[in-house]
Amino acid sequence: MKKKLATVWLGGCSGCHMSLLDIDERILDVAALADIVKCPIVDGKEFPDVDIALIEGAIVNDEHISEAKHIREHSKIVVSFGDCAVTANIPSYRNLFTKEEALNRAYLEAESNDRGLIPDSPQLGKLIPRVSPLHEVIKVDYYIPGCPPSADLIFYVLAELLNGRTPVLDKERLKYG
Ligand code: SF4
């Protein structure tokens with residue numbers, strides 16, 4: 001029986017998802033083993049029960065915390081997908097400042113912003129004081145590092161997991177560049 005696969009985008013730039021698309025025709029191998037039941041372009045409201053969830057991006061706001069916990073409850077395997085999820089990477093630069101300093105700079109002081117308003121809608125997640133990597137909020141089973149991870153590495157990990165094997169990320173596989 002085919003496995004159920006989900007990919008999710010939290011505090012990231014979507015570059016990791018772009019790299020996933022770079023597996024090109026190997027997507028057919030993935031499709032033979034798994035149904036992609038949720039991803040940024042298959043955007044149902046509910047997160048279904050899945051075998052594998054790939055989560056891109058750091059934990060930046062309170063919505064991300066609840067979403068990550070919900071995904072954990074509904075996923076057999078959670079993969080921290082890309083350096084923003086693995087280490088908090090670029091979004092964590094905000095940790096050099098207070099939340100208020102970051103909001104002021106982005107919305108009140110930035111040269112490109114002429115509205116002079118900090119958005120405050122219940123539909124927008126509230127920034128948490130410190131940006132975190134995914135594993136600080138939920139248990140993570142596997143990691144795919146890289147900014148973005150290479151298509152080869154993504155495909156390797158996915159293929160191993162979909163075939164019920166444990167991916168081995170040795171020095172050769174993690175070579176950057
Ligand atoms: S790891 Fe790099 S490519 Fe992936 S979301 Fe973060 S900044 Fe973008």
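Could you tell me which residue of segment 45-57 is surrounded by the fewest Cβ atoms within 10 Å (Cβ to Cβ), considering only residues that are modelled with pLDDT of 95 or more and of a type in the set (A, V, I, L, M, F, W, C)?
If we filter segment 45-57 for residues that are modelled with pLDDT of 95 or more, which is where we start, we get 49-57.
With the extra rule that they be of a type in the set (A, V, I, L, M, F, W, C), the set shrinks to 50, 52-55.
Working: Val50: 24, Ile52: 21, Ala53: 23, Leu54: 28, Ile55: 29.
Among residues in segment 45-57 that are modelled with pLDDT of 95 or more and of a type in the set (A, V, I, L, M, F, W, C), the one surrounded by the fewest Cβ atoms within 10 Å (Cβ to Cβ) is Ile52.
Got a sec? Which strands (runs of 3 or more DSSP E) wholly within segment 45-152 have at least 2 residues that are aliphatic (A, V, I, L, M)? Can you show your working first?
On the way: elements: 50-56, 59-61, 75-81, 127-132, 142-144.
Filter on segment 45-152 gives 50-56, 59-61, 75-81, 127-132.
Give segment 65-85 a look and list any residue that's out of contact with any Phe, Trp or Tyr (no Cβ under 7 Å at 6 or more places or on another chain), of a type outside the set (A, V, I, L, M, F, W, C) and within 13 Å of the ligand (Cβ to nearest atom), or say none.
Selection gives Gly82, Asp83.
Can you tell me which residue within segment 26-44, out of those that are open to solvent by less than 50 Å² (accessible area, probe 1.4 Å) and part of a helix (DSSP H, G or I), is nearest to Ala159 (Cα to Cα)?
Among residues in segment 26-44 that are open to solvent by less than 50 Å² (accessible area, probe 1.4 Å) and part of a helix (DSSP H, G or I), the one nearest to Ala159 (Cα to Cα) is Val30.
Take the residues in segment 155-166 that are surrounded by 18 or more Cβ atoms within 10 Å (Cβ to Cβ) and out of contact with any strand residue (DSSP E or B) (no Cβ under 6 Å at 6 or more places or on another chain); name whichever of them is nearest to Arg26 (Cα to Cα). Break it down into steps so the answer makes sense when it comes.
Kept after step one, since they are surrounded by 18 or more Cβ atoms within 10 Å (Cβ to Cβ), are these residues of segment 155-166: 155-158, 161-162.
Okay, now just the ones that are also out of contact with any strand residue (DSSP E or B) (no Cβ under 6 Å at 6 or more places or on another chain), so 155-156, 158.
On the way: Phe155: 8, Tyr156: 10, Leu158: 11 Å.
Of everything passing the filter in segment 155-166, Phe155 is nearest to Arg26 (Cα to Cα).
Any chance you could count how many residues in segment 17-41 are touching a residue at least 60 places away in the same chain (Cβ under 8 Å) and in contact with a Ser or Thr (Cβ under 9 Å, 6 or more places away or on another chain)?
3
Which residue pairs have Cβ atoms under 6 Å apart, sit 6 or more places apart or on different chains, and have a first residue in segment 122-151 that is under 11 Å from His64 (Cβ atoms) and a second that is part of a loop (DSSP other than H, G, I, E, B) and within 11 Å of the ligand (Cβ to nearest atom)?
Val131/Ala88; Ser132/Ala88
Yes/no matrix, rows are residues, columns are (1) open to solvent by less than 40 Å² (accessible area, probe 1.4 Å); (2) within 16 Å of the ligand (Cβ to nearest atom); (3) under 29 Å from Lys2 (Cβ atoms):
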| site | (1), (2), (3) |
| --- | --- |
| Asp114 | no, no, no |
| Leu127 | no, no, no |
| Val131 | yes, yes, no |
| Asp141 | no, no, yes |
| Asp152 | no, yes, yes |
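I need a count of the residues in segment 12-31 that are within 16 Å of the ligand (Cβ to nearest atom) and of a type in the set (Asp, Glu).
The total comes to 1.
Just the residues that are without any contact (Cβ under 8 Å) to a residue 60 or more places away in the chain and open to solvent by less than 10 Å² (accessible area, probe 1.4 Å), please, taken from segment 58-88.
The first filter runs over segment 58-88 and keeps only residues without any contact (Cβ under 8 Å) to a residue 60 or more places away in the chain, leaving 66-67, 70, 73-74, 76, 86-88.
Listed by number, the list holds a single entry, Ala88.
The values are calculated or read from the model by the stated rules, or taken from the named source; none is laboratory data. What you see is a predicted model; the values in this text were computed from it and never measured. Every residue, glycine among them, receives a Cβ derived from its backbone with ideal geometry; neighbour counts consider all protein chains shown. Please note that ligands, DNA and RNA were not included when accessible areas were found on the heavy atoms of the full protein model with its side chains. Shrake-Rupley method; radii C 1.70, N 1.55, O 1.52, S 1.80 Å.
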